[in-house]
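Asker: My structure is below; once you've seen it, I'll send some questions.
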Amino acid sequence: MSTQVEGFVLTSSPHIAAPSSTQRIMFTVVLTLLPAVVMSVFYFGMRVLGLYVLSIAVCLATEVVCKLLRKRSPMSITDGSAFVTAILLVMVLPPAISPIALALGAVISIFLGKEVFGGIGYNIFNPALVGRAFLSAAYPVQITTWTQPNRFFSFLPASVDAQTQATPLAAARFEGVVENIPNLLLGQTGGSIGETGAAFLILGGIALFALKLIRWQNVLAFLGTVFVLTGIFHLIDPETYAGPVFHLFSGGLMLAAFYMITDIVTTPYTPIGNMIFGAGVGLLVVLIRLFGGFSEGVGFAILIMNALTPIINRYTNLKPFGYVAPTEAA
């Protein structure tokens, strides 16, 4: 809105223009995910590429339908947020997931995860994790059926889950077998489509930091909390608890660190709030991994902390410059 008054132009905020836009940020995130996406296709075959295409198509179609039902412009699909949700959803699912299950998860991600709240910027929970949580309840067998990746890096030793038929976290938790770090870094282990190959996720995370698209506070607090707590338990009982480096590179920790707990909408907007959020997710992950019924707990931990984000924002909100607390009248 702009109004001409006595030679002055009065306009509503914001008053500072910046080259960044939602569309630019989202598609930049997609580009940084490409190394991990490409490697996931090498690991698990062309079927995975089809899953990415299906997820993107269903997410875009669901958003268009939701916008039309709300009598809003469907052109919001060009902002890129549905693309990011679609890719992340596939990356947190096992390679053997059926197309029908994936399509349902994509619909839930967009409809219940985002559009029911009013669209991008209003959603409380990470949309991809909402879809994943739904599939965990609706398809418990498919969601825990794992596939051995192709031996793309043949010089590495055989993965332990090639014999145990479990993910590295499950093998360590329930069978006491700890995967070697090179296999975790280069994706030669079973697990969700995008969580194997921590090195390629770290590469994307470094790019996001270089482009100043993510904050360091929540990433540092998250990874630091997991490292310290798992390190303490490992020192107390190394036979029962795997070491901290194993926990950092296994499961969906790196995917969560750079692409989920850094979400602009569902995480706090203050530096202190981000550190509380990251530490909270890290604490919940450790509790679930070491003492819960699941070997992995990143998704549930993030959803729980998403629900606490408004409270964290309220109590860590920055005071305006020059603010003076009001005093009661005598």
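Nothing in this text is a laboratory measurement; each read-out follows from the coordinates by a stated rule. Computed from a prediction, not measured in an experiment: that's the story for all the values here. When we count neighbours, we look across all protein chains shown, and the Cβ atoms used for this are built from the backbone with ideal geometry, even at glycine.
Asker: Taking the 0 to 90 degree range and rounding to the nearest ten, how far is the long axis of helix 99-111 tilted relative to the main principal axis of the chain, both from C-alpha atoms?
Answerer: 20 degrees
Asker: How large is ³J(HN,Hα) for each residue in the stretch 29-34, as worked out from phi by the Karplus curve 6.51 cos²θ - 1.76 cosθ + 1.60 (θ = phi - 60°), to whole Hz, x for Gly and Pro?
Answerer: For the stretch 29-34, the Karplus curve yields 4, 4, 4, 5, 7, 4 Hz.
Asker: Through the Karplus equation 6.51 cos²θ - 1.76 cosθ + 1.60, θ set to phi - 60°, convert the phi angles of the stretch 115-126 into ³J(HN,Hα) values in whole Hz; use x for Gly and Pro.
Answerer: My calculation for the stretch 115-126 gives 5, 5, 8, x, x, 4, x, 10, 5, 8, 10, 5 Hz in order.
Asker: Rank the residues Ile87, Ile261 as a footprinting-exposure proxy: fewest other Cβ atoms within 10 Å of their Cβ go first.
Answerer: Sorted ascending by nearby Cβ count, the order is Ile87, Ile261.
Asker: Quick one: helix 216-236 against the long Cα principal axis of the chain, what's the angle to the nearest 10°, folded into 0 to 90?
Answerer: So the helix axis and the longest Cα principal axis differ by about 30 degrees.
Asker: At 37 °C and a viscosity of 0.692 mPa s, what translational diffusion coefficient does Stokes-Einstein give for the stretch 100-153, taking Rh as the Kirkwood radius over Cα pairs? Give it in µm²/s as a whole number.
Answerer: 269 µm²/s
Asker: For the stretch 22-143, what value does the Rg/Rh ratio take when both radii are computed over Cα atoms and Rh is the Kirkwood radius, given to two decimals?
Answerer: 0.96
Asker: If you plug each phi of the stretch 173-181 into the Karplus form 6.51 cos²θ - 1.76 cosθ + 1.60 with θ = phi - 60°, what whole-Hz ³J(HN,Hα) values come out, in order, with x for Gly and Pro?
Answerer: Each residue's phi maps through the Karplus curve to give 6, 9, 10, x, 10, 9, 5, 6, 5 Hz.
Asker: In addition: Scan [x] 43, 25, 17; [y] 43, 38, 15; [z] 37, 26, 18 for the value of semi-axes √(5λ) of the Cα gyration tensor in Å calculated from this model and give just the label.
Answerer: Answer label, from the structure shown: [z].
Asker: Which FRET efficiency, nearest 0.05, do Ala57 and Ile206 yield, Cβ-Cβ r, R0 25 Å?
Answerer: That gives a FRET efficiency of 0.25.
Asker: Here is a follow-up. Does anyone have the angle between helix 127-138 and the longest principal axis of the chain? Alpha-carbon axes, 0 to 90°, nearest 10?
Answerer: It works out to around 50 degrees.
Asker: Full extension from Tyr315 to Thr240: what is 0.36 nm times the residue separation minus their Cα-Cα distance, to one decimal in nm?
Answerer: 23.2 nm
Asker: Once the convex hull of the C-alpha atoms of the stretch 193-330 is built, how many Å³ does it hold per residue, rounded to a whole number?
Answerer: 151 Å³
Asker: A further question on this structure: Net charge near Phe258, counting Lys/Arg +1 and Asp/Glu -1 over other residues with Cβ under 13 Å of its Cβ?
Answerer: Taking every other residue near Phe258 into account, the sum is -1.
Asker: Same structure, new question: Which value, in nm² and rounded to one decimal, describes the direction-averaged projected area of the C-alpha convex hull of the stretch 98-220?
Answerer: Average of the hull's projected areas for the stretch 98-220 equals 9.8 nm².
Asker: Mind checking which of Gln148, Leu284, Leu49 is farthest towards the positive end of the chain's charge dipole, using Cβ charges of +1 (Lys, Arg) and -1 (Asp, Glu) about the Cα centre?
Answerer: Projecting each Cα onto the dipole axis, the largest value belongs to Leu49.
Asker: Roughly how big is the stretch 168-313's charge dipole about its Cα centre, with Cβ charges of +1 (Lys, Arg) and -1 (Asp, Glu), in debye to the nearest 20?
Answerer: Roughly 400 debye for the stretch 168-313.
Asker: Here is a further query. Identify the chymotrypsin sites (Phe, Trp or Tyr not before Pro) of the stretch 40-122 meeting these criteria: DSSP loop state and at most 14 other C-beta atoms within 10 Å of the C-beta.
Answerer: Tyr122
Asker: Rounded to a whole number of µm²/s, how large is the Stokes-Einstein D of the stretch 219-278 at 10 °C and 1.306 mPa s, given Rh as the Kirkwood radius over C-alpha pairs?
Answerer: Rounded to a whole number, D works out at 129 µm²/s.
Asker: Between Met75 and Ala138, what is the label-to-label distance in nm when each label sits 7 Å out along the Cα-to-Cβ direction?
Answerer: Output for this residue pair reads 3.2 nm.
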